[in-house]
Every structure is written in structure tokens, then in C-alpha cells.
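Read the structure below first, then the notes.
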Amino acid sequence: MARHGGRGWYSKLIGAALGVTMLATGASVWATQVGTASEPSPRPTAPATPAGDLKPVAETIAHASEEGPRGVNLTIDDGPDPVWTPQVLDLLREYDVKATFCMVGTQAQAHPDLVKRVVADGHRLCDHSVSHNTAMDKDSRAYQSKQILDAERMITKASGGVRPMYYRAPGGAFTPYSRELAASRGMRPLGWNVDTKDFERPGTEAIVATVERELPNGPTLLFHDAGGDRTQTVEALRQLLPQLKDQGYTFGFPVR
């Protein structure tokens, strides 16, 4: 998996809002700070749901599809966004396609109506951290834990109680610890096989060509519904959804 971006395009957008959120929630998130791998893992003092309700999943990074060899996993990152997410959802409904939405916690918190719509339409939720820091694997365990668990809480609250089923590290910045923590919370670490590079806006035809060329490498496609103008993403999906169905592919969800 290729790493995307720097420390996160959300840093300026959410700086003030995130500061308020951290003040409101920081006291209930961690009782201790952990700096080295030899120290005990941080323990959340206010988990999103009671621990007894959680079913741990595998810690390995998932790529395969529940639909088998002809399955395709459509994954949509960085939203929800009030402009682009509704357009993506409309297309998915038109072509009867299900997808996994990897949501940034602050975006979910800001747009709970869209999170609820994603769930109501039968899609799955994925934790994509609080602030989309693609270098979070270089930070402490305490920082990683806060990013993962705060986003889990934000997404679960915004959805009306539906928990994320996966965790995708921003830019693929997983660590053994972050994978273990996510899996213990019932969130399967989620990778990708086809990076469409739609984030760079290379042109609709280039996005389509990337999928056509790289889909034989594996079934999990990476798209984005936030972070800028996603017109090319929407138009590429408009072409790809019926095209892949006509070729005998079935859209589904990543394995857990």
C-alpha cells in the first residue's frame, strides 16, 4: 500500500474544532501516557461500547472480498462530505452497489446525517482516525490509541449506535500495536489493492484506466469522497460500477 500525503489535509480545517473536542473528551479517554513499546498498553477509561459487547477479529490487514474470487470491495475514504458523499451514495443506490466508508472522526461528528444515511443504505463503516495523520505510526502508543478510539466513538455516536467494522490507518500507517488495538475492538485492519489516485485528480479516464489495469492485483479499490473536488471520482464511479458488473464482478465487503 502506498502512503498518501503528509500529516493530514484536515490539520488546518479541524484545528480549532479538534481542540474543543479534545478538551471535552480528553479526560475520559486515557488514564495514562505510554511512550515506549516496553511499557503497558494504554487503557481507555470510557470505551465506546461495553467491552463484553465486542468480538475481536483478526489483526492481519484484510484485502480479500467476502464475495470470493470475482468480488470487488469498493472503499471510500476521508468523508463524509456534504457535497460529495451524497453524490456517491446516489450512484451506489442507482447501481445497487454496497461500499465501505472509511470515515474521519471529525467529519463524522460534523455530519451525522450523512453517517446515518450511509448505514441506512446498507453500507459498512470504517474508522479512519480522528485527524488523518499519515505519520501516526511514528507517534506514541497513547497517540495512536487516542486517534483510533476517539474516532470509533465519534463514528458510533454519529451513526446512532452502529460501530465501525474496520480500521484503515491514514496512508496505510499501521503498526503492530494499532492493528492489535483495532482488532480487539472488533475492527479488522483494512488495506487496499488498487490505489486509484483519485485524490490527485489525474482525470476521470486515468482513474478508470488504473482500476482496469490493477484490479487483477486484488479486489479492494481505494477512492475518496472528501478532501477537495471529487468530480472525477464521481464520474469514474459512474463508468466503473456498471462496467464491472457487466464483466461479472460482484460488489461486496472486505473479509473480517
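The values are calculated or read from the model by the stated rules, or taken from the named source; none is laboratory data. For clarity, every value in this text was computed on a predicted model and none was experimentally measured. Heads up, the Cβs are rebuilt from the backbone with ideal geometry, glycines too, and the neighbour counts pull from every protein chain shown. All accessible areas refer to the heavy atoms of the entire protein, side chains included, with ligands and DNA or RNA removed. Shrake-Rupley method; radii C 1.70, N 1.55, O 1.52, S 1.80 Å.
Is there a residue being buried (at least 24 other Cβ atoms within 10 Å of the Cβ), in contact (Cβ under 8 Å) with a residue 12 or more places away in the chain and more than 23 Å from His63 (Cα to Cα) anywhere in the stretch 171-184? Within the stretch 171-184, none of the residues are buried (at least 24 other Cβ atoms within 10 Å of the Cβ), in contact (Cβ under 8 Å) with a residue 12 or more places away in the chain and more than 23 Å from His63 (Cα to Cα). Taken over the stretch 245-256, the criterion of being out of contact with any Gly (no Cβ under 9 Å at 6 or more places or on another chain) and touching a residue at least 60 places away in the same chain (Cβ under 8 Å) is satisfied by Lys245, Gly248, Val255. Under the condition of being in a helix (DSSP H, G or I), closer than 10 Å to Ala236 by Cβ and touching a Ser or Thr at 6+ places or on another chain (Cβ under 9 Å), the residues counted in the stretch 184-205 number 2.
For the stretch 199-221, the criterion of a residue being open to solvent by less than 20 Å² (accessible area, probe 1.4 Å) and basic (Lys, Arg) is satisfied by no position. Within the stretch 229-244, the set of residues being under 23 Å from Gln107 (Cα atoms), in contact (Cβ under 8 Å) with a residue 40 or more places away in the chain and not β-branched (Val, Ile, Thr) comprises Arg230, Leu237.
Mind telling me which of the residues Gln232, Gln247 ends up being more than 14 Å from the chain's Cα centre (by Cα), modelled with pLDDT of 95 or more and surrounded by fewer than 18 Cβ atoms within 10 Å (Cβ to Cβ)? Quick ask: steps written out before the conclusion?
Values: Gln232 fails: surrounded by fewer than 18 Cβ atoms within 10 Å (Cβ to Cβ).
Residue meeting the stated conditions: Gln247.
When the criteria are applied in full, Arg124 fails the requirement of being in contact with a Ser or Thr (Cβ under 8 Å, 6 or more places away or on another chain), surrounded by 23 or more Cβ atoms within 10 Å (Cβ to Cβ) and in contact (Cβ under 8 Å) with a residue 40 or more places away in the chain.
Go through the stretch 78-121 residue by residue and tally those that are among the aromatic types (Phe, Trp, Tyr) and surrounded by fewer than 24 Cβ atoms within 10 Å (Cβ to Cβ). Spell out the reasoning first.
If we filter the stretch 78-121 for residues that are among the aromatic types (Phe, Trp, Tyr), which is where we start, we get 84, 95, 101.
Restricting the remaining residues to those that are surrounded by fewer than 24 Cβ atoms within 10 Å (Cβ to Cβ) gives 84, 95.
Residues that pass the stated criteria total 2.
Tell me which residues, restricted to the stretch 127-164, are charged (D, E, K, R) and open to solvent by 40 Å² or more (accessible area, probe 1.4 Å). Don't jump to the end; show me each part of the working.
So the first thing to find is which residues in the stretch 127-164 are charged (D, E, K, R), and the list is 127, 137-139, 141, 146, 150, 152-153, 157, 163.
Lys138, Asp139, Arg141, Lys146, Arg153, Lys157, Arg163, listed by residue number.
Pairs are defined by a Cβ separation below 7 Å, a sequence spacing of at least 6 or placement on different chains, a first member in the stretch 75-90 that is at positive phi, and a second member that is not acidic (Asp, Glu) and not in a helix (DSSP H, G or I); the pairs so defined are Asp78/Val104; Asp78/His128; Asp78/His132; Asp78/His224; Asp78/Ala226; Asp78/Gly227. If you go through the stretch 43-77 and keep only what is buried (at least 19 other Cβ atoms within 10 Å of the Cβ) and modelled with pLDDT under 95, you end up with Pro44, Ala48.
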